[in-house]
Amino acid sequence: MRGKQVELESLWEEVREVSLGNSVDRLHSSPTPLQFLRDFVSQNKPCLISNAISHWPALSLWPTPSYLSTSLSSSLVSLHLTPNGQADALAPHPLHPSLCFVSAHVQPTAFPRALDLIRQPPNHLVAYLQQQNDCFRTEYGELESDCDDHIPWASEALGCLPEAVNLWIGNHLSETSFHKDHYENLYAVVSGEKHFLLLPPTDVHRMYIWDYPAARYSYSEESGEFLLELEEPERRVPWCSVDPYPATGSAEQERSKFPLYFNGPKPFEVTVKAGEILYLPSMWFHHVRQSPGDGGCTIAVNYWYDMQFDIKYAYFNFLQSLPYQSTDDQTIPESECEDLGYHPCHNHLSRNLRYLKDQ
C-alpha cells in the first residue's frame, strides 16, 4: 500500500512537470481550431485567451446597469438567494451537528429587481444570477445579439455546438466551492474579474470527496429569514470537502483535517479579466471568487460543450477508483464522520460515476 501512496503522490508532481508546467498558458489571440484541439483539448490542459471576444458589443454595453435593466425590463429570471453567498456548497445544519450539501433558494424575480439586489446587497442575503440550465438562451434572449452564440474555433475543434450557454451576474460576496464538471468549459468574462483555483483530475484524492446529505435554503420575504431544510426523501451528494480559504480561527484545524490538499502541490491560480476567456477542461476541479467591475457586478458568459468519454475518461475513473490514504493523513475518523452526517469516499468506481453524473 505504501508503494501505491508514493506513486500517486509522485504523479501529482509529474503531471505538472511533464504536461502542465507551473502556470496556465496565456494566448494573446484566439487559437486556430487545430491548435486548440492539439495543444489544449487533447492534453486536458487549461489556457487563458486574450482578445477573443473584443468584437462583442456586450463588453461596452453590459457594464452599464441601465442598459441591462432596460433590455430586460419585462424579463422574469431565476434569482439564487443565500444568507452568505455560498450555494452548492457545504454548510452546518442548524438543528444537529452535521454538514450538508446546500443549494440556494431560487426565486423568480423581475430582472431590474434582481440586479438591484446584486449591486446593492442587503445585510441579510446574497443574490446571484447563476441558473446553469442554458439560461442565457432561455431567460436572457434579449441579450443574445450582444455576444456570440458559440465560440467558432472551439466549436470546430470539438465538433459540436455548445450544449448550454449560461449567464452569470453576481457580486464579491458570492463564492463557488471546489467541484468539477463533465463539460469542456469556455468561460468568458464581460465585466469585473473571476479568480479561479484549478487542480487537474489526477489530484482527485486531495479533494476528500465525501457523501453529504442534500439540503436547500428556503427564504421568506416577509421575515427576511432563511431556513435550511434537508431533502426528503434523503439524497446524498458526493462533494469536495476542502475549503481553500479557511477562516483564521479554523485554519490550523482545516490543514490537519485535509493534509493532502494543503501539503501538496499548489493549485493553479488564474484571474480572468473582462475581455478574456478561460478554457477549463472537463473534470478539472475549480474554486471561484469574483471582483465586480465598474457597474458593481461581475458578469460572465460560459459555454458548456459535451466532453468526449474517451480513453482519458477511463484513465481518470481508474485513478479515482484506487483506495488511497497518505500515511500523514490525519483526517476525521470514519466513525466520527458518520456522526457529523457525511461519509468518507473510498473512491470506488461506482461512486465516482455517480459523482460525475450528479454534476
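The values are calculated or read from the model by the stated rules, or taken from the named source; none is laboratory data. The structure presented is a predicted model; accordingly, all values stated were derived computationally and were not measured. So basically every Cβ, Gly included, is an ideal-geometry build from the backbone, and we count neighbours across all protein chains shown. The accessibility values were calculated without ligands, DNA or RNA, using every heavy atom of the protein model including side chains. Shrake-Rupley method; radii C 1.70, N 1.55, O 1.52, S 1.80 Å.
Below are the figures for this structure:
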quantity	calculated
Looking only at segment 168-184, and only at residues there that are open to solvent by 10 Å² or more (accessible area, probe 1.4 Å) and of a type outside the set (S, T, Y), the one that is nearest to P33 (Cα to Cα)	E184
Test result for V190, touching a Lys or Arg at 6+ places or on another chain (Cβ under 9 Å), open to solvent by less than 10 Å² (accessible area, probe 1.4 Å), among the hydrophobic types (A, V, I, L, M, F, W, C) and in a strand (DSSP E or B)	no
Residue in segment 49-59 that is open to solvent by less than 10 Å² (accessible area, probe 1.4 Å) and of a type in the set (V, I, T) present	yes
Selection from segment 100-131 of residues that are surrounded by fewer than 21 Cβ atoms within 10 Å (Cβ to Cβ) and touching a helix residue (DSSP H, G or I) at 6+ places or on another chain (Cβ under 6 Å)	P112
Test for N22: is it under 22 Å from the mean Cα position of the chain (by Cα) and open to solvent by 70 Å² or more (accessible area, probe 1.4 Å)	yes
Tally of residues being without any contact (Cβ under 8 Å) to a residue 24 or more places away in the chain and at positive phi across segment 11-48	1
In segment 209-248, the residues that are within 30 Å of F196 (Cβ to Cβ), modelled with pLDDT under 95 and in contact with a Ser or Thr (Cβ under 6 Å, 6 or more places away or on another chain)	W210
Segment 132-167, residues that are open to solvent by 50 Å² or more (accessible area, probe 1.4 Å) and not in a helix (DSSP H, G or I)	Q132, N133, D149, G159, L161, E163
Residue tally, condition under 16 Å from H150 (Cβ atoms) and either modelled with pLDDT under 95 or assigned to a helix (DSSP H, G or I) (or both), over segment 28-54	4
Pick from segment 144-173, criterion of a type in the set (D, E) and touching a helix residue (DSSP H, G or I) at 6+ places or on another chain (Cβ under 9 Å), ranking: nearest to Y67 (Cα to Cα)	D146
Near pairs, Cβ below 7 angstrom, 6+ apart or cross-chain, from segment 141-169 (more than 21 Å from S74 (Cβ to Cβ)) to any residue that is small (G, A, S)	W153/S30; L161/S155; W168/A300
Matching entry among E269, E229 (being over 30 Å from Y305 (Cβ atoms), of a type in the set (D, E, K, R) and surrounded by fewer than 18 Cβ atoms within 10 Å (Cβ to Cβ))	E229
Of all residues making up segment 145-172, the number that are more than 15 Å from the chain's Cα centre (by Cα), more than 22 Å from Q308 (Cα to Cα) and not hydroxyl-bearing (S, T, Y)	5
Those residues of segment 292-315 which are open to solvent by 40 Å² or more (accessible area, probe 1.4 Å) and part of a strand (DSSP E or B), in sequence order	D306
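Condition check ((1) farther than 25 Å from L186 by Cβ; (2) among the aromatic types (F, W, Y); (3) within 17 Å of the chain's Cα centre (by Cα); (4) at pLDDT 95 or above) across all residues:
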{"site": "D88", "(1), (2), (3), (4)": "no, no, yes, no"}
{"site": "F101", "(1), (2), (3), (4)": "yes, yes, yes, yes"}
{"site": "A110", "(1), (2), (3), (4)": "yes, no, no, yes"}
{"site": "Q132", "(1), (2), (3), (4)": "no, no, yes, no"}
{"site": "T138", "(1), (2), (3), (4)": "no, no, no, yes"}
